[in-house]
Number of protein chains: 2
Amino acid sequence: MSDEPVKYVLPESDIPTHWVNLMPDLPGDPSPPLNPGTGEPAGPDDLTPIFPMGLIQQEVATDPEVEIPDEVRDVYKRWRPSPLFRARRLERALDTPAHIYYKYEGGSPAGSHKPNSAVPQAYENKKAGVRRLATETGAGQWGSALALACSLFDLDCVVYMVGASYDQKPYRRSMMETWGATVYRSPSDTTDAGKSQSSHPTGSLGIAISEAVEVAAKDPDTNYSLGSVLNHVCLHQTVIGQEAMAQMGMAGEEPDVVVGCVGGGSNFAGLSFPFIRRVLRGEAKTRFLAAEPAACPTLTRGAYRYDFGDTVGMTPLLPMYTLGHDFVPPPVHAGGLRYHGDAPMLCGLVKAGLIEARAYAQNPAFEAAVNFARNEGIVPGPEPAHAIRAAVDEALAAREAGEERVVLIGLSGHGHFDMSAYDDYLAGRLEDIEFSEADMEAALARLPEAPAIA
Amino acid sequence: MSDEPVKYVLPESDIPTHWVNLMPDLPGDPSPPLNPGTGEPAGPDDLTPIFPMGLIQQEVATDPEVEIPDEVRDVYKRWRPSPLFRARRLERALDTPAHIYYKYEGGSPAGSHKPNSAVPQAYENKKAGVRRLATETGAGQWGSALALACSLFDLDCVVYMVGASYDQKPYRRSMMETWGATVYRSPSDTTDAGKSQSSHPTGSLGIAISEAVEVAAKDPDTNYSLGSVLNHVCLHQTVIGQEAMAQMGMAGEEPDVVVGCVGGGSNFAGLSFPFIRRVLRGEAKTRFLAAEPAACPTLTRGAYRYDFGDTVGMTPLLPMYTLGHDFVPPPVHAGGLRYHGDAPMLCGLVKAGLIEARAYAQNPAFEAAVNFARNEGIVPGPEPAHAIRAAVDEALAAREAGEERVVLIGLSGHGHFDMSAYDDYLAGRLEDIEFSEADMEAALARLPEAPAIA
């Protein structure tokens, strides 16, 4: 075989034993979530109606590491450690001196990074005696992951799927049903929240969250499960970055820039937080680049304010970049990125200047994704297509500058259920939908009363 | 972690260096393919118009092993060695003393075992200076694999996709197009063969083969590429069985029965031939079980006769179990199993009693596949669903008999592009389409003149 390795594989024993909790490393005191009724800091008691104590403890953990339960690692073993690839063919196609690596999470049964958090969430709920989980899903990645995890831990599962994606990606629904979940198109008529939003038939993640939270709040046997944004979800995903760090070591390189897509932020956090810890501790100099859709540009255009996590206003107020909790993003194919806010931890790091953000329209993202597929084989999901676009731009900039630059991409999932987007792109039908500043301004004007973020 | 391993992973260095050629081990002299014009044994010269010499040499090879070119192993490294899993959760769900293992080929970028042969075929054609490959595809697994391989070796690719699958699985077409291939619905109006079969709008693999062979025969820059049946295709797939044998060794077990699905036979051959060699050499006692669809039951109901590989009658006559080259199988979801014949090497082993064959209807196959998905996570393709059904029956028989039985399944691919079949199954809409003995008898009456198989 040639001397050019393209894949770096860790042994099963190198599946991380702990998750990385970045909280104690963050500069300054983090702004707390606020109770939506009182405006006071929300504590564990605010969360017990819909979350089990095991997850609440992880949500507020202050230790730098949190041990991964054996039962969770046992399930991780089915697809972890995930491979790291060197994109040698893409490098040659771009004629760049940059070295491009990608950490691929599409090998999980659900096809993305999402099971990394769905499994510990199902585990902790099962342990707490919960019978059923309710959740939202955009493109279907998170809903699939939770359906899978519930199947493995013998829990019932109900999923509110954003209308636009339900129509674009019907086979994600089939997959969830195959694993035994019940799936509703959101906004639905099964909840008060859904009925109140029937004038937005394409739906949004914010609306779907409201529906799932309502179901969990009303039924004592049902808990809610969130696929991104919250601290414990970001925490669970850090297995990605820890493995990637070990694999970059196998390759004998350090990333100069770590690139990922951001919807709610869990994928980006999972890859980057272990690397960001090293930067915060003065052990490395690394750039971090968050790629988001131009149609829903929270990090590049949003306001840094307290806002609800959901559209109807049932969740605690979170400190984050937001386009307004009732902003309904245009129905771009990257359904997993259609969220009005972002993980507070991630937003704080953007605010602090540790993470750069860039927004990309659909056509340039899919152009990069097709180029990637034809050179590297794997067909990326529409979400990581945005990260690939950003990485390609980095590689082209490195060529301009004549410098070797090491780029690490988070390839969060495959596009097997998103081929209608590729159809549209290849046929020239894909729209670069405009972000509406006016819609955002109107939504921001409806933000709840809250103090400025410290 | 628990002491119950569920996954067995080989290092990259254990990707086989050679393919297993079972030809010299077969009992008796193999019956040769015949020239369709003269009825004389077909030699290499009959194949040069549509195949490169490198593949023809593999087709007629008599050495027990054939070296894998470095350039092919370099591509295999992207997803090989593939994992072997122990189906511990499925075993518990079935309450069986049987030990069930599955070798999973769905981790390739095309989602099945097919790239194992597409890559060496593209490589040999590229080396021979060919510019374009033409092929057929049923459910789209083979067409995807060849589109991928052509993309990696910078060849053009044209795919004739069986009409029934083209309609059922539109996103397989999108995937092939994403990799740069041109895809036609078969029967098409782009070939004489297609025009002659326009009265069979659902198409068949036999018709699609006729179209692709015609294109290759007429254009000197285009070669034909077949995804199953021929010796060299079965040869390429033996990386599966060699790896599985090493992995069963890691698990400290010997399979009592090896189970796979059979369409043209390459998946089954790939897993079983290395194990069959040991049986033929008196080194092991293993049962081999071929699972096929009841709607297209070549091995269980076909005639053991010389017949064309394609519908129109352009290929050499092959000694095989056949339902007649112009038999059009009902449009079952397992599109990859809708073929009127089977690999001659495999048929010879069935005839000799070394391989048992069983036919399964769609509903029992999908019942087993859903049970598998809910316990093991992976959603199987409709084709290996038949193998899972057969393996579940073996496990239930072992329970009845109170015996430990080690079952090894070839899980040839995932079902991400076949979710409409799961939709139909879960909604109770899936038909157990009857095989038409009358249609087969009529087709057999139209078999070409040829001697009996020796």
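The values are calculated or read from the model by the stated rules, or taken from the named source; none is laboratory data. This one's a predicted model, so the numbers in the text were calculated from it and none came from an experiment. Neighbour counts are summed over all protein chains in view; Cβ atoms, including those assigned to glycine, are modelled from backbone coordinates with ideal geometry. Areas reflect the complete protein model, heavy atoms only, side chains present, ligands, DNA and RNA absent. Shrake-Rupley method; radii C 1.70, N 1.55, O 1.52, S 1.80 Å.
Annotations for the structure displayed:
- The accessible area of A:E254, taken with all protein chains in place and a 1.4 Å probe, comes to roughly 100 Å².
- Peptide B:412-419, shielding by other chains (average Cβ, 10 Å cutoff): 4
- Rough spin-label spacing in nm, given labels placed 7 Å along Cα→Cβ, for A:N363 and B:D192: 4.4 nm
- C-alpha center-to-center spacing [the stretch B:370-406, the stretch A:121-158] in angstrom: 25 Å
- Peptide B:294-300 - average C-beta neighbours from other chains (10 Å radius): 0
- Sorting A:311-321, B:145-155, B:360-370 by average packing, meaning the other beta carbons within 10 Å per residue, from highest down gives B:145-155, A:311-321, B:360-370.
- Among the residues of A:217-226, the average count of other protein chain beta-carbon atoms within 10 Å of the residue beta-carbon is 0.
- Residue-averaged [θ]222 nm for chain B, counting only DSSP H segments that reach four residues, each worth -39500 (n - 2.57): -11500 deg cm²/dmol
- Chain B versus the axis that turns it onto chain A: the residue with the nearest Cβ and the distance in whole Å amount to B:H416, 2.
- Buried solvent-accessible surface, both chains (A, B), 1.4 Å probe, Å² to nearest 100: 4300 Å²
- Part-to-part distance (alpha-carbon centres) for the stretch B:1-75 and the stretch B:293-347, which is given in Å: 21 Å
- Report note on the peptides A:92-99, A:381-388, B:330-337: ranked by the mean count of other C-beta atoms within 10 Å, highest first, their order is A:381-388, B:330-337, A:92-99.
- Residues whose placed amide H lies under 5 Å from that of A:A334, excluding near-sequence neighbours: none
- Globularity index of the stretch B:243-358, i.e. its alpha-carbon radius of gyration over 2.2 N^0.38 Å: 1.13
- For B:A246, the label point sits 7 Å beyond Cα toward Cβ; its separations from the matching points on the remaining copies run 2.1 nm, from shortest to longest.
- When you restrict to C-alpha pairs under 8 Å that are six or more residues apart and normalise by the size of chain B, the relative contact order lands at 19 percent.
- Apportionment of accessible area to carbon and sulfur, the stretch B:264-333, percent (1.4 Å): 50 percent
- Using a simple spin-label model with pseudo-atoms 7 Å out from Cα toward Cβ, A:D70 and B:K351 lie 5.6 nm apart.
- The stretch between B:A128 and B:A397, if pulled fully straight at 0.36 nm per residue, gains 91.7 nm over its current Cα-Cα span.
- Rolling a 1.4 Å probe over the protein heavy atoms leaves A:S436 with an accessible area of roughly 40 Å².
- Label-point separation, B:D63 to A:A450 (7 Å along Cα→Cβ), nm: 7.0 nm
- Gyration tensor (alpha-carbon) shape descriptor, the stretch B:52-192, a/c threshold 1.5: oblate
- Signed unit charges on C-beta, dipole axis of the stretch A:276-364, positive-most listed residue A:P329, A:A361, A:M345: A:M345
- Across the copies of the chain, B:G39 has label points (7 Å from Cα along Cα→Cβ) spaced 9.8 nm apart, shortest distance listed first.
- Note that chain B presents 32 Å² accessible area per residue, ligands and nucleic acids not counted, probe 1.4 Å.
- Where A:R305, A:R338 fall by accessible area, highest first, once all protein chains stay in place (1.4 Å): A:R305, A:R338
- What the Cα convex hull of chain A gives, in volume per residue, is 133 Å³.
- Compactness of the protein assembly as shown is given as radius of gyration and Dmax, 27.5, 91 Å, from Cα positions.
- The residues of the stretch A:172-204 occluded by other protein chains by 10 Å² or more of accessible area, set against the chain on its own, are A:R173, A:S174, A:M175, A:E177, A:T178, A:W179, A:G180; surface from heavy atoms, 1.4 Å probe.
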